[in-house]
Amino acid sequence: MERFTIPIQVNWRKALPDYVLLTVGSLVLAANFDIFLKPHNIAPGGVSGAAIIIHHLTGWLPGATMLVLTLPMLVLGFIYLGRYRFLIRASYVTLVYSLGIDLLAGVLPPGGVTRDLMLDALYGGIVGGIGIGCVYRGGTSPAGTSVISRVLNLKTGIPNSQAYMVIDGGIILIAGLVFGWEMALYAFVTLFMWGLVADYVLEGPSVIRTAFIITDNPEEVSEALSTNLGVGVTAWTGKGMFTKTDHTTLFCAIKRPDVRNLSSIVNQADPKSFVVIVQGHQAMRGRLKSTK
C-alpha cells in the first residue's frame with residue numbers, strides 16, 4: 001500500500017521566518033478581537049464580524065464559530081487559489097487565530113481596556129491592521145471573505161475590491177440591524193483603519209520619492225544630481241506630442257528629505273526643465289544615498 005503524501009515540498013528553514021510572522025499576526029488578531037471588537041460588538045465585516053453577530057445571538061464561542069465558518073473558505077481556496085500551498089498556511093493561520101480567540105478570552109480583560117467606543121473602533125482597526133499585515137507578509141491571508149471575493153474576481157471579472165466591499169458591507173449591514181446603526185458606523189471606522197494600517201505594514205512607509213525630469217540638458221542635470229545627491233540617474237528619449245520635439249527624460253530615486261535639494265539642483269542646472277516627483281515605498285539595489 002502506497003503512503004499518501006502531500007504533493008508539495010516545504011523548505012522549513014526558509015519558511016520559518018514566514019511562520020513566525022503568521023503566528024505573531026494570528027495572535028495579534030485574536031487579542032484584538034477579544035480586547036477591542038467583541039466587548040462592544042464592533043463587527044467590521046469578514047468572518048470575525050459574522051462570528052461576533054452569531055455569538056451575540058446564540059452565545060456560541062466566537063473562536064469555534066469562526067473556525068466553522070472558515071472551513072468552506074478553505075475548500076474554495078484549495079480549489080481555486082493555490083491548492084496545498086494555500087491550504088497549509090491558511091489553515092495554520094485559521095487554527096491559531098480561531099483557537100487564540102477562545103483561549104485568550106480567559107486571560108485578557110473581559111470588558112476590554114476602554115469603554116470609549118471610538119477608541120475601540122480606532123484601535124480595533126489599528127491593531128487588526130498590524131495583525132493582518134503580518135499575516136500578509138508571512139505569505140497568506142486568513143481564509144475569510146477575501147477568499148470569496150478573490151474567487152468571484154476570477155470567475156466573473158468583478159474587481160476584487162468591489163466584491164470585498166459588497167461582502168463586508170453586507171455583514172456590517174446585518175450588524176447594524178442587530179446592534180444598531182451607530183455600531184455599524186463604528187464598524188466602518190474600524191474597517192477603514194484596518195485597511196490603511198494593513199497596507200502600511202505590508203508595504204512599509206513611503207520613505208523614498210521618484211523623480212521624472214524632462215530636460216534638454218540631460219548631461220548637466222544628471223551630473224549635478226550624481227555629484228550633489230549621490231544618486232544614479234537613468235535616461236531615455238521622449239517626444240513632446242504638442243511641440244513634436246524630442247526631449248530627454250531622466251529618472252532617479254531619492255530619500256524623502258532630499259526632495260527640496262533635488263528641486264533646487266535641477267532648477268540651477270536647467271531652469272526650463274519639467275519635474276514630476278511621486279511617492280515610493282522602497283528602493284532595492286542601485287544607487288540611493290543613505291540619509292544620516
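The values are calculated or read from the model by the stated rules, or taken from the named source; none is laboratory data. Everything numeric in this text was worked out from a predicted model, so none of it was measured. Quick reminder, even Gly has a Cβ in these numbers, built from the backbone with ideal geometry, and neighbours come from all protein chains shown. Accessible surface areas use protein heavy atoms only, side chains included; no ligands, DNA or RNA. Shrake-Rupley method; radii C 1.70, N 1.55, O 1.52, S 1.80 Å.
Entry remark, the range 192-220: residues being part of a helix (DSSP H, G or I) and open to solvent by less than 50 Å² (accessible area, probe 1.4 Å) number 7 in total.
Among the residues of the range 100-123, the one identified as closer than 16 Å to residue 28 by Cβ and either free of Cβ contacts under 8 Å to residues at least 40 places away in the same chain or in contact with a strand residue (DSSP E or B) (Cβ under 7 Å, 6 or more places away or on another chain) (or both) is 107.
Of all the numbered requirements in (1) open to solvent by less than 40 Å² (accessible area, probe 1.4 Å); (2) at pLDDT below 95, residue 1 misses one, and that requirement is (1).
Out of 128, 124, 138, one residue alone is under 23 Å from the mean Cα position of the chain (by Cα), open to solvent by less than 10 Å² (accessible area, probe 1.4 Å) and farther than 11 Å from residue 32 by Cα. It is 138. Annotation note: Cβ proximity below 7 Å between a residue of the range 165-180 that is under 15 Å from residue 147 (Cα atoms) and a residue that is among the polar types (S, T, N, Q) (sequence gap 6+ or interchain) occurs for 167/145; 167/149; 168/145.
Name the residue, out of 93, 75, that is assigned to a helix (DSSP H, G or I) and surrounded by 15 or more Cβ atoms within 10 Å (Cβ to Cβ).
Selected residue: 93, the only one of 93, 75 that is assigned to a helix (DSSP H, G or I) and surrounded by 15 or more Cβ atoms within 10 Å (Cβ to Cβ).
Within the range 221-258, being more than 33 Å from the chain's Cα centre (by Cα), open to solvent by 70 Å² or more (accessible area, probe 1.4 Å) and hydroxyl-bearing (Ser, Thr, Tyr) holds for 227, 237, 243. For residue 141, the stated conditions hold: it is closer than 24 Å to residue 14 by Cβ and part of a loop (DSSP other than H, G, I, E, B). Within the range 144-191, being acidic (Asp, Glu) and not in a helix (DSSP H, G or I) holds for no residue. Scanning the range 156-176 finds no residues that are within 16 Å of residue 28 (Cα to Cα), charged (D, E, K, R) and in contact with a Gly (Cβ under 8 Å, 6 or more places away or on another chain).
Can you tell me which residue among 76, 57, 37, 61 is touching a residue at least 24 places away in the same chain (Cβ under 8 Å), under 20 Å from residue 134 (Cβ atoms) and of a type in the set (A, V, I, L, M, F, W, C)?
On the way: 76 fails: under 20 Å from residue 134 (Cβ atoms); 57 fails: under 20 Å from residue 134 (Cβ atoms); 61 fails: under 20 Å from residue 134 (Cβ atoms).
Only one candidate qualifies: 37.
Yes/no per residue for (1) modelled with pLDDT under 90; (2) in a strand (DSSP E or B); (3) within 30 Å of residue 200 (Cα to Cα):
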| residue | (1), (2), (3) |
| --- | --- |
| 222 | no, no, no |
| 228 | yes, no, no |
| 238 | yes, yes, no |
| 242 | yes, no, no |
| 275 | no, yes, yes |
| 284 | yes, no, yes |
| 292 | yes, no, yes |
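Applying the set (1) assigned to a helix (DSSP H, G or I); (2) more than 16 Å from residue 29 (Cα to Cα); (3) of a type in the set (A, V, I, L, M) to residue 126 leaves exactly one unmet item: (2). Can you tell me which residue within the range 259-272, out of those that are without any contact (Cβ under 8 Å) to a residue 40 or more places away in the chain and open to solvent by less than 60 Å² (accessible area, probe 1.4 Å), is nearest to residue 207 (Cα to Cα)? Here the residue is 263.
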